[in-house]
Amino acid sequence: MVAADPGRGALPGLDSGPSCPEVDPLRSFEIGIVLPLHQSGVDRVTPRWSVVREMALRAEAVGFDTVWTPDELLWRPKDRPLMGVWEGIAMAGAVAATTSRVKVGTWVMSALHRNPGIIAKAAETLDEISGGRFVFGLGAGHAWPGQAHAFGLPEDQIFARFEEALEVIVPLMRSGHADFEGTWHAARDLSQEPVGPRPGRIPLMIGGNCPKGQRHAARHADIWSSWAEERSDVDEFAPRLASLDDICAEVGRDPATLGRSAGVEVHPLEPAGQQTGAIAGSVEEIADAVRTFPEAGFTQLEIMMSPGTMAALEALAPVLELLDAD
(Lines give C-alpha, C1' and ligand atoms only; values in the text may rest on other atoms or scores of the structure.)
Protein backbone atom coordinates (compact mmCIF):
# COMPACT_ATOMS: atom_id res chain seq x y z
CA MET A 1 0.00 0.00 0.00
CA VAL A 2 1.34 3.38 -1.03
CA ALA A 3 -0.20 6.60 0.19
CA ALA A 4 -0.94 8.82 -2.79
CA ASP A 5 -2.02 12.43 -3.01
CA PRO A 6 -5.29 12.32 -4.95
CA GLY A 7 -5.44 16.08 -5.58
CA ARG A 8 -5.64 16.70 -9.31
CA GLY A 9 -6.31 20.39 -9.70
CA ALA A 10 -9.47 22.16 -10.81
CA LEU A 11 -12.42 19.78 -10.72
CA PRO A 12 -14.95 19.17 -13.48
CA GLY A 13 -18.05 21.32 -13.15
CA LEU A 14 -16.23 24.12 -11.32
CA ASP A 15 -15.89 27.24 -13.43
CA SER A 16 -13.98 29.54 -11.15
CA GLY A 17 -10.69 29.35 -9.29
CA PRO A 18 -7.08 28.66 -10.18
CA SER A 19 -5.97 25.29 -11.46
CA CYS A 20 -3.60 23.23 -9.37
CA PRO A 21 -0.65 21.38 -10.91
CA GLU A 22 -1.63 18.18 -12.70
CA VAL A 23 -0.47 14.90 -11.17
CA ASP A 24 -0.91 11.33 -12.27
CA PRO A 25 -4.27 9.65 -11.53
CA LEU A 26 -4.51 7.33 -8.58
CA ARG A 27 -2.81 4.01 -9.26
CA SER A 28 -2.13 2.56 -5.82
CA PHE A 29 -4.62 0.53 -3.78
CA GLU A 30 -5.07 1.87 -0.27
CA ILE A 31 -6.69 0.31 2.78
CA GLY A 32 -8.28 2.39 5.51
CA ILE A 33 -9.88 1.55 8.85
CA VAL A 34 -13.04 3.19 10.20
CA LEU A 35 -12.55 3.93 13.89
CA PRO A 36 -15.42 2.67 16.07
CA LEU A 37 -17.00 5.75 17.66
CA HIS A 38 -20.40 4.22 18.45
CA GLN A 39 -21.73 2.47 21.51
CA SER A 40 -21.92 -1.26 20.93
CA GLY A 41 -23.11 -4.53 22.36
CA VAL A 42 -26.06 -5.33 24.58
CA ASP A 43 -24.64 -3.10 27.31
CA ARG A 44 -23.95 -0.25 24.84
CA VAL A 45 -20.27 -0.04 25.73
CA THR A 46 -18.85 3.40 24.95
CA PRO A 47 -15.45 3.64 23.21
CA ARG A 48 -13.48 6.10 25.35
CA TRP A 49 -11.05 8.56 23.80
CA SER A 50 -8.11 6.73 25.32
CA VAL A 51 -9.14 3.60 23.40
CA VAL A 52 -9.86 5.47 20.16
CA ARG A 53 -6.46 7.16 20.38
CA GLU A 54 -4.69 3.84 21.00
CA MET A 55 -6.47 2.27 18.02
CA ALA A 56 -5.59 5.19 15.72
CA LEU A 57 -1.92 4.98 16.70
CA ARG A 58 -1.89 1.21 16.27
CA ALA A 59 -3.58 1.49 12.87
CA GLU A 60 -0.86 3.93 11.84
CA ALA A 61 1.87 1.60 13.12
CA VAL A 62 0.62 -1.55 11.36
CA GLY A 63 0.34 0.21 8.01
CA PHE A 64 -3.20 1.34 7.31
CA ASP A 65 -3.20 4.16 4.77
CA THR A 66 -6.08 6.12 6.33
CA VAL A 67 -7.98 6.21 9.60
CA TRP A 68 -11.56 7.39 9.19
CA THR A 69 -14.03 8.89 11.65
CA PRO A 70 -17.73 8.26 10.94
CA ASP A 71 -20.17 11.15 11.16
CA GLU A 72 -23.31 10.01 12.96
CA LEU A 73 -25.04 11.52 15.97
CA LEU A 74 -27.59 9.31 17.72
CA TRP A 75 -29.40 6.28 16.39
CA ARG A 76 -32.92 5.65 17.68
CA PRO A 77 -34.09 2.48 15.88
CA LYS A 78 -37.54 1.22 16.81
CA ASP A 79 -36.48 -2.39 17.27
CA ARG A 80 -33.14 -1.89 19.04
CA PRO A 81 -31.77 0.11 22.00
CA LEU A 82 -30.67 3.68 21.47
CA MET A 83 -27.06 3.97 20.23
CA GLY A 84 -24.94 7.05 20.82
CA VAL A 85 -21.98 8.10 18.66
CA TRP A 86 -19.14 10.52 19.39
CA GLU A 87 -19.15 13.64 17.19
CA GLY A 88 -17.04 12.83 14.14
CA ILE A 89 -15.36 16.14 13.31
CA ALA A 90 -14.13 16.67 16.86
CA MET A 91 -12.75 13.12 16.86
CA ALA A 92 -11.09 13.67 13.46
CA GLY A 93 -9.26 16.69 14.87
CA ALA A 94 -8.12 14.75 17.91
CA VAL A 95 -6.92 11.83 15.78
CA ALA A 96 -5.14 14.21 13.39
CA ALA A 97 -3.31 15.85 16.29
CA THR A 98 -2.34 12.48 17.79
CA THR A 99 -1.05 10.72 14.67
CA SER A 100 1.88 11.79 12.50
CA ARG A 101 1.96 9.83 9.21
CA VAL A 102 -1.36 8.15 8.45
CA LYS A 103 -4.01 10.06 6.53
CA VAL A 104 -7.10 11.10 8.49
CA GLY A 105 -10.51 11.31 6.85
CA THR A 106 -14.19 11.86 7.57
CA TRP A 107 -16.35 8.90 6.50
CA VAL A 108 -18.34 10.82 5.49
CA MET A 109 -19.10 14.27 6.84
CA SER A 110 -22.85 14.93 6.78
CA ALA A 111 -23.94 18.05 4.91
CA LEU A 112 -27.32 17.72 6.63
CA HIS A 113 -25.83 18.32 10.06
CA ARG A 114 -24.05 21.62 9.42
CA ASN A 115 -23.90 24.94 7.62
CA PRO A 116 -21.95 24.39 4.36
CA GLY A 117 -19.59 27.32 4.88
CA ILE A 118 -18.68 25.97 8.30
CA ILE A 119 -18.21 22.50 6.79
CA ALA A 120 -15.61 23.94 4.42
CA LYS A 121 -13.94 25.77 7.29
CA ALA A 122 -13.85 22.57 9.36
CA ALA A 123 -12.21 20.70 6.47
CA GLU A 124 -9.55 23.40 6.07
CA THR A 125 -8.93 23.38 9.82
CA LEU A 126 -8.54 19.60 9.88
CA ASP A 127 -6.00 19.80 7.08
CA GLU A 128 -4.06 22.36 9.12
CA ILE A 129 -4.15 20.19 12.24
CA SER A 130 -3.02 17.12 10.31
CA GLY A 131 -0.26 18.92 8.41
CA GLY A 132 -1.82 18.14 5.04
CA ARG A 133 -3.01 14.58 5.77
CA PHE A 134 -6.77 15.18 5.74
CA VAL A 135 -9.15 13.49 3.28
CA PHE A 136 -12.46 15.37 3.05
CA GLY A 137 -15.15 12.72 2.89
CA LEU A 138 -18.55 14.36 2.33
CA GLY A 139 -22.11 13.16 1.79
CA ALA A 140 -25.70 14.30 1.85
CA GLY A 141 -26.37 12.75 5.25
CA HIS A 142 -29.60 11.06 6.30
CA ALA A 143 -32.48 11.63 8.69
CA TRP A 144 -32.82 8.07 9.98
CA PRO A 145 -33.08 6.44 12.37
CA GLY A 146 -34.57 9.35 14.24
CA GLN A 147 -31.39 11.39 14.71
CA ALA A 148 -32.43 14.32 12.52
CA HIS A 149 -35.74 14.66 14.34
CA ALA A 150 -34.09 14.39 17.75
CA PHE A 151 -31.61 17.18 16.97
CA GLY A 152 -34.13 19.40 15.19
CA LEU A 153 -32.41 18.90 11.84
CA PRO A 154 -34.22 18.89 8.48
CA GLU A 155 -35.86 15.62 7.49
CA ASP A 156 -36.97 16.47 3.95
CA GLN A 157 -35.40 17.41 0.60
CA ILE A 158 -32.06 15.98 1.74
CA PHE A 159 -30.56 15.61 -1.73
CA ALA A 160 -31.78 19.04 -2.85
CA ARG A 161 -30.20 20.56 0.25
CA PHE A 162 -26.96 18.73 -0.54
CA GLU A 163 -26.91 20.11 -4.07
CA GLU A 164 -27.14 23.62 -2.66
CA ALA A 165 -24.49 22.87 -0.04
CA LEU A 166 -22.08 21.85 -2.80
CA GLU A 167 -22.62 25.26 -4.43
CA VAL A 168 -20.97 26.70 -1.33
CA ILE A 169 -18.51 24.01 -0.28
CA VAL A 170 -16.83 23.26 -3.62
CA PRO A 171 -16.01 26.90 -4.55
CA LEU A 172 -14.70 27.54 -1.04
CA MET A 173 -12.48 24.47 -1.12
CA ARG A 174 -11.19 25.01 -4.65
CA SER A 175 -11.10 28.76 -5.26
CA GLY A 176 -11.36 30.13 -1.72
CA HIS A 177 -14.52 32.15 -2.32
CA ALA A 178 -18.27 31.55 -2.58
CA ASP A 179 -21.26 33.72 -3.44
CA PHE A 180 -24.55 31.87 -3.45
CA GLU A 181 -28.16 32.48 -2.44
CA GLY A 182 -30.38 29.40 -2.37
CA THR A 183 -33.53 28.12 -0.76
CA TRP A 184 -31.77 26.52 2.20
CA HIS A 185 -28.18 27.76 2.07
CA ALA A 186 -26.36 31.00 1.43
CA ALA A 187 -22.81 32.30 1.18
CA ARG A 188 -22.51 36.06 0.82
CA ASP A 189 -19.11 37.22 -0.42
CA LEU A 190 -17.64 34.45 1.73
CA SER A 191 -13.88 33.90 1.74
CA GLN A 192 -12.08 30.77 2.92
CA GLU A 193 -9.69 32.30 5.44
CA PRO A 194 -7.35 31.24 6.87
CA VAL A 195 -6.16 28.36 4.72
CA GLY A 196 -4.05 25.36 5.63
CA PRO A 197 -1.04 23.75 3.95
CA ARG A 198 -2.93 22.72 0.76
CA PRO A 199 -5.21 25.58 -0.29
CA GLY A 200 -7.43 24.41 -3.11
CA ARG A 201 -5.96 20.90 -3.07
CA ILE A 202 -7.51 18.98 -0.17
CA PRO A 203 -8.76 15.71 -1.70
CA LEU A 204 -12.54 15.58 -1.79
CA MET A 205 -14.34 12.24 -1.53
CA ILE A 206 -18.09 12.27 -2.14
CA GLY A 207 -20.12 9.33 -0.92
CA GLY A 208 -23.20 8.01 -2.65
CA ASN A 209 -24.49 4.60 -3.73
CA CYS A 210 -27.18 5.99 -6.00
CA PRO A 211 -26.75 7.78 -9.36
CA LYS A 212 -27.36 11.19 -7.77
CA GLY A 213 -24.39 10.78 -5.46
CA GLN A 214 -22.28 9.35 -8.26
CA ARG A 215 -23.07 12.35 -10.45
CA HIS A 216 -21.92 14.73 -7.72
CA ALA A 217 -18.70 12.74 -7.36
CA ALA A 218 -18.09 12.73 -11.12
CA ARG A 219 -18.60 16.49 -11.32
CA HIS A 220 -16.76 17.60 -8.20
CA ALA A 221 -14.71 14.95 -6.41
CA ASP A 222 -11.31 13.30 -6.46
CA ILE A 223 -12.77 10.06 -5.09
CA TRP A 224 -16.20 8.41 -5.24
CA SER A 225 -17.17 6.46 -2.11
CA SER A 226 -19.57 3.54 -1.95
CA TRP A 227 -20.41 1.05 0.77
CA ALA A 228 -21.81 -2.45 1.09
CA GLU A 229 -25.52 -2.53 1.88
CA GLU A 230 -26.24 -6.28 1.96
CA ARG A 231 -22.98 -8.15 1.42
CA SER A 232 -19.35 -7.03 1.55
CA ASP A 233 -18.73 -8.74 -1.76
CA VAL A 234 -17.27 -7.09 -4.83
CA ASP A 235 -20.18 -8.45 -6.90
CA GLU A 236 -22.58 -6.16 -5.02
CA PHE A 237 -20.58 -3.18 -6.23
CA ALA A 238 -20.41 -4.19 -9.90
CA PRO A 239 -23.65 -2.43 -11.02
CA ARG A 240 -22.52 0.76 -9.26
CA LEU A 241 -19.16 0.69 -11.03
CA ALA A 242 -20.95 0.36 -14.38
CA SER A 243 -23.28 3.21 -13.46
CA LEU A 244 -20.33 5.39 -12.45
CA ASP A 245 -18.64 4.85 -15.82
CA ASP A 246 -21.85 5.84 -17.62
CA ILE A 247 -22.19 8.98 -15.53
CA CYS A 248 -18.56 9.95 -16.11
CA ALA A 249 -19.20 9.70 -19.85
CA GLU A 250 -22.35 11.77 -19.45
CA VAL A 251 -20.62 14.65 -17.63
CA GLY A 252 -17.37 14.46 -19.60
CA ARG A 253 -15.17 13.13 -16.80
CA ASP A 254 -12.30 10.79 -17.58
CA PRO A 255 -13.12 7.85 -15.27
CA ALA A 256 -9.41 7.13 -14.82
CA THR A 257 -9.10 10.41 -12.88
CA LEU A 258 -11.74 9.45 -10.30
CA GLY A 259 -10.68 7.33 -7.35
CA ARG A 260 -13.09 4.59 -6.27
CA SER A 261 -13.60 3.65 -2.65
CA ALA A 262 -15.53 0.69 -1.23
CA GLY A 263 -16.66 0.45 2.37
CA VAL A 264 -16.95 -3.13 3.63
CA GLU A 265 -17.62 -4.89 6.90
CA VAL A 266 -14.93 -7.26 8.12
CA HIS A 267 -15.21 -9.72 11.03
CA PRO A 268 -11.58 -10.78 11.53
CA LEU A 269 -12.26 -12.86 14.63
CA GLU A 270 -14.94 -15.05 13.03
CA PRO A 271 -14.67 -18.03 10.69
CA ALA A 272 -15.89 -17.66 7.14
CA GLY A 273 -19.38 -18.76 6.20
CA GLN A 274 -21.34 -17.25 9.07
CA GLN A 275 -23.89 -15.76 6.62
CA THR A 276 -23.51 -12.30 8.07
CA GLY A 277 -22.67 -10.64 4.77
CA ALA A 278 -19.28 -9.59 6.16
CA ILE A 279 -15.79 -10.60 5.08
CA ALA A 280 -14.48 -13.12 7.62
CA GLY A 281 -12.21 -16.11 8.00
CA SER A 282 -8.49 -16.71 8.12
CA VAL A 283 -5.83 -14.16 7.27
CA GLU A 284 -5.53 -15.71 3.81
CA GLU A 285 -9.30 -15.71 3.24
CA ILE A 286 -9.65 -12.06 4.21
CA ALA A 287 -6.66 -11.09 2.05
CA ASP A 288 -8.17 -12.97 -0.91
CA ALA A 289 -11.44 -11.07 -0.47
CA VAL A 290 -9.59 -7.75 -0.32
CA ARG A 291 -7.68 -8.54 -3.53
CA THR A 292 -10.92 -8.73 -5.51
CA PHE A 293 -11.51 -4.99 -5.07
CA PRO A 294 -8.46 -3.60 -6.89
CA GLU A 295 -9.01 -6.27 -9.52
CA ALA A 296 -12.50 -4.83 -10.05
CA GLY A 297 -11.17 -1.29 -10.40
CA PHE A 298 -11.32 0.12 -6.88
CA THR A 299 -8.45 2.30 -5.71
CA GLN A 300 -9.13 2.01 -2.00
CA LEU A 301 -11.00 -0.01 0.61
CA GLU A 302 -12.44 1.22 3.90
CA ILE A 303 -12.80 -1.48 6.55
CA MET A 304 -15.55 -1.33 9.16
CA MET A 305 -14.36 -3.98 11.60
CA SER A 306 -16.55 -5.84 14.05
CA PRO A 307 -16.12 -6.06 16.92
CA GLY A 308 -14.61 -2.60 17.26
CA THR A 309 -11.85 -3.77 19.55
CA MET A 310 -8.07 -3.76 19.66
CA ALA A 311 -8.12 -7.54 19.27
CA ALA A 312 -9.95 -7.19 15.95
CA LEU A 313 -7.50 -4.53 14.80
CA GLU A 314 -4.55 -6.74 15.71
CA ALA A 315 -6.11 -9.59 13.75
CA LEU A 316 -6.06 -7.39 10.64
CA ALA A 317 -2.33 -6.60 10.93
CA PRO A 318 -1.19 -9.91 9.33
CA VAL A 319 -3.69 -9.33 6.53
CA LEU A 320 -1.88 -6.09 5.65
CA GLU A 321 1.48 -7.89 5.86
CA LEU A 322 0.27 -10.54 3.45
CA LEU A 323 -1.07 -7.96 1.01
CA ASP A 324 2.13 -5.91 1.21
CA ALA A 325 4.08 -9.02 0.24
CA ASP A 326 2.17 -9.37 -3.05
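For region 245-260, how many residues meet the condition of being assigned to a helix (DSSP H, G or I) and either out of contact with any helix residue (DSSP H, G or I) (no Cβ under 7 Å at 6 or more places or on another chain) or surrounded by fewer than 17 Cβ atoms within 10 Å (Cβ to Cβ) (or both)? Residues in region 245-260 being assigned to a helix (DSSP H, G or I) and either out of contact with any helix residue (DSSP H, G or I) (no Cβ under 7 Å at 6 or more places or on another chain) or surrounded by fewer than 17 Cβ atoms within 10 Å (Cβ to Cβ) (or both): 7 in total.
Go through region 64-81 residue by residue and tally those that are farther than 21 Å from Ser225 by Cα and touching a residue at least 40 places away in the same chain (Cβ under 8 Å). Count: 5.
The number of residues in region 107-164 being closer than 20 Å to Trp75 by Cα, part of a helix (DSSP H, G or I) and among the β-branched types (Val, Ile, Thr) comes to 1. Listed by first and then second residue, the pairs linking a residue in region 165-183 that is under 20 Å from Asp127 (Cα atoms) and open to solvent by 20 Å² or more (accessible area, probe 1.4 Å) to a residue that is hydroxyl-bearing (Ser, Thr, Tyr) and part of a strand (DSSP E or B), with Cβ atoms under 9 Å apart and 6 or more places separating them unless they lie on different chains, are Gly176/Ser191; His177/Ser191.
Residues in region 213-227 that are without any contact (Cβ under 8 Å) to a residue 60 or more places away in the chain and either in contact with a helix residue (DSSP H, G or I) (Cβ under 6 Å, 6 or more places away or on another chain) or open to solvent by less than 10 Å² (accessible area, probe 1.4 Å) (or both) were compared, and the one that is nearest to Val170 (Cα to Cα) is Ala217.
Within region 261-274, is there a residue that is assigned to a helix (DSSP H, G or I) and surrounded by 18 or more Cβ atoms within 10 Å (Cβ to Cβ)? No - not one qualifying residue is present in region 261-274.
Taking region 144-171 as the range and being more than 24 Å from Ser261 (Cβ to Cβ) and among the aliphatic types (A, V, I, L, M) as the test, the residues that pass are Ala148, Ala150, Leu153, Ala160. Determine, yes or no, whether Gly281 is within 27 Å of Gly41 (Cα to Cα) and surrounded by 17 or more Cβ atoms within 10 Å (Cβ to Cβ). The answer is yes for Gly281.
Right, Pro197: outside any strand (DSSP E or B), under 17 Å from Gly117 (Cα atoms) and not β-branched (Val, Ile, Thr) or not? Answer is no for this residue.
One residue is enough: does region 189-200 have a residue meeting the conditions open to solvent by less than 30 Å² (accessible area, probe 1.4 Å), over 30 Å from Ala280 (Cα atoms) and polar (S, T, N, Q)? Yes, region 189-200 contains at least one residue that is open to solvent by less than 30 Å² (accessible area, probe 1.4 Å), over 30 Å from Ala280 (Cα atoms) and polar (S, T, N, Q).
Screening Asp326 with (1) within 18 Å of Asp65 (Cβ to Cβ); (2) open to solvent by 50 Å² or more (accessible area, probe 1.4 Å); (3) at pLDDT 95 or above gives one miss only, at (3). All conditions in (1) at pLDDT 95 or above; (2) among the β-branched types (Val, Ile, Thr); (3) farther than 23 Å from Ala165 by Cβ hold for Thr69, with the sole exception of (3). In the set (1) farther than 19 Å from Ala178 by Cβ; (2) touching a Ser or Thr at 6+ places or on another chain (Cβ under 7 Å), the condition left unmet by Gly131 is number (2). Taking residues in region 290-318 that are within 12 Å of Val34 (Cβ to Cβ) and touching a residue at least 12 places away in the same chain (Cβ under 8 Å), and partners anywhere that are outside any helix (DSSP H, G or I) and of a type in the set (Asp, Glu), the pairs with Cβ atoms closer than 9 Å and at least 6 places apart or on different chains are Leu301/Glu30; Ile303/Glu265; Met304/Glu265; Met305/Glu265; Ser306/Glu265; Ser306/Glu270. For region 285-323, taking the residues that are among the charged types (D, E, K, R) and within 17 Å of Ser232 (Cβ to Cβ), the one that is least open to solvent (accessible area, probe 1.4 Å) is identified as Glu302. Within region 231-244, residues that are surrounded by fewer than 20 Cβ atoms within 10 Å (Cβ to Cβ) and part of a loop (DSSP other than H, G, I, E, B) have Cβ atoms under 8 Å from residues that are charged (D, E, K, R) and modelled with pLDDT of 95 or more in no pair, counting only partners at least 6 apart in sequence or on another chain.
The values are calculated or read from the model by the stated rules, or taken from the named source; none is laboratory data. Predicted model, so just to flag it, every value in this text is computed and none were measured. We place every Cβ from the backbone using ideal geometry, glycine too, and count neighbours over all the protein chains shown. Side chains included, ligands, DNA and RNA excluded: accessible areas come from the protein's heavy atoms. Shrake-Rupley method; radii C 1.70, N 1.55, O 1.52, S 1.80 Å.
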